[in-house]
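This report refers to the structure that appears directly beneath it.
We did not get these values from a lab; they are worked out from the coordinates using the rules stated. It should be emphasised that the depicted structure is a prediction, and the values quoted were computed from it without experimental measurement. Here the Cβ positions follow ideal geometry from the backbone for every residue, glycine too, while neighbour counts run over all protein chains shown.
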Amino acid sequence: MSVVTEYDIDKLDEADNVELTDERLENGSKGKLIKLAGQLRDRRNELNQMASERADKRDELNAKTREKVDEAQEHREQRDELNEEVQEHKDKRNELNAEANELFDEVEEMKEDLELDEGKSIEELESEIEDLEFQQQTEVLSSEDEQELIEKIEAKREELAEKKDKVDNSGELDELVEEAEEVRSEASQHHQKVTELADKAQEHHNQMIEAYREADEVRDEADEMHELFVEAQEAADRHHEDFVSVQKRLRELDKEEEEERKDERQEKMEEEKQEAEDIYQKFKEGETLETEDLMKLQKTGLL
């Protein structure tokens, strides 16, 4: 959107400007020059007012730009602080995961030492024994087959008992597993904090980018308004210079008129002096003078 439209700034209409040509300045009559000086003065004042309004709008936009830059900087600082926290939780998470891995490795080693991973699990042995016992109860078998089935059941029971004895004696393994799981859980909590804080940091980063974008946009508007200010101020300055030129020309005309009046007075004085001298000559020659002639002699100091 144009700054002129958004801020309802009056456009500078070149047609309203007052033009001063060398011809008008040098050959214009005093009356026309006085009128021209008034027009130049009035247009200069209008343009100065226009420039002042544009300067105010420019300053307003520059202030808004600074606000947006400050806002962006705040988001940058918050983002950086959050990223520092993210890194701290990452380091702690990695440290705890490494510790948990070591504990689970110890668990596996202990299981190998107890041979708990060899053969079938307790659940599998119990299921097989149950199936064999059900077969014994429900099927009609020969004596030889039934004896073979009984021996198989007994072997499974012995294996199951041995497996359970090992488990009963593996309390230290359970504690180690519990410790490893607790450490892994704590690492997961730190990972959750990493995710939460990283999301917040990204949000502040996005807000920072948006604030900088808005600052650039407002700065462009301020630059445009500054150009409009310069346009009005330069036009006002030109009108002022032309006004000063016309005023100077009027003073020159006043001086020329004064010189002309001075010359006229001097010429008149000389004429009066010459007339008085002629009258005085008549007086010396014995001619009778009229009252008016006597007053002219008194005026010039010859009587």
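How much length is gained on full extension from residue 200 to residue 134, taking 0.36 nm per residue of separation minus their Cα-Cα distance?
Result for the pair: 17.6 nm of gain on full extension.
Quick query: amide H of residue 120 versus all other amide H atoms, modeled in the peptide plane; which residues come in under 5 Å with a sequence gap of 5 or more or a different chain?
none
Calculate the spin-label point distance for residue 80 paired with residue 185, positioning each point 7 Å from the Cα along the beta-carbon direction, and give it in nanometres.
Result for the modelled spin labels: 3.9 nm.
So what's the projected area for the chain, the Cα convex hull averaged over all directions, in nm²? Don't skip to the answer; put the middle values down first.
Values: hull surface 152.0 nm².
For the chain, the mean projected area of the Cα convex hull comes to 38.0 nm².
Taking 7 Å along the Cα-to-C-beta vector as the label spot, tell me the residue 158-residue 17 distance in nanometres, rounded to one decimal.
In this crude spin-label approximation the distance works out to 11.7 nm.
Given the options 94, 18, 192, identify the residue whose Cα lies farthest towards the positive end of the charge dipole of the chain (+1 on Cβ of Lys, Arg; -1 on Cβ of Asp, Glu).
Going by the Cα projections, it comes out as 18.
Which FRET efficiency, nearest 0.05, do residue 292 and residue 34 yield, Cβ-Cβ r, R0 35 Å?
Working: r = 42 Å, r/R0 = 1.19.
The value I calculate is 0.25.
Determine the principal axes of the Cα atoms in segment 61-159, then give the extent along each, sorted from largest to smallest and rounded to whole angstroms.
105, 32, 10
For residue 256 and residue 230, what is the calculated FRET efficiency with R₀ set at 30 Å and r taken between the beta-carbons, to the nearest 0.05?
Numbers: r = 39 Å, r/R0 = 1.29.
Efficiency computed from Cβ-Cβ geometry: 0.20.
Compute log10 of I(q)/I(0) for segment 225-278 with the Debye formula, placing one identical point scatterer on every Cα and leaving out solvent, at q = 0.25 Å⁻¹, to two decimals.
With one equal scatterer per Cα and no solvent, log10 I(q)/I(0) is -0.89.
Could you give the length gained by full extension between residue 24 and residue 122, i.e. 0.36 nm per residue of separation minus their alpha carbon distance, to one decimal place? All intermediate terms of the calculation are to be shown ahead of the outcome.
On the way: separation 98, 0.36 × 98 = 35.28 nm, distance 11.81 nm.
Gain in length upon complete extension: 23.5 nm.
Rounded to the nearest 0.05, what FRET efficiency do residue 149 and residue 91 give with R0 = 45 Å and r taken as the Cβ-Cβ distance? Could you check?
Details: r = 61 Å, r/R0 = 1.35.
After rounding, the FRET efficiency stands at 0.15.
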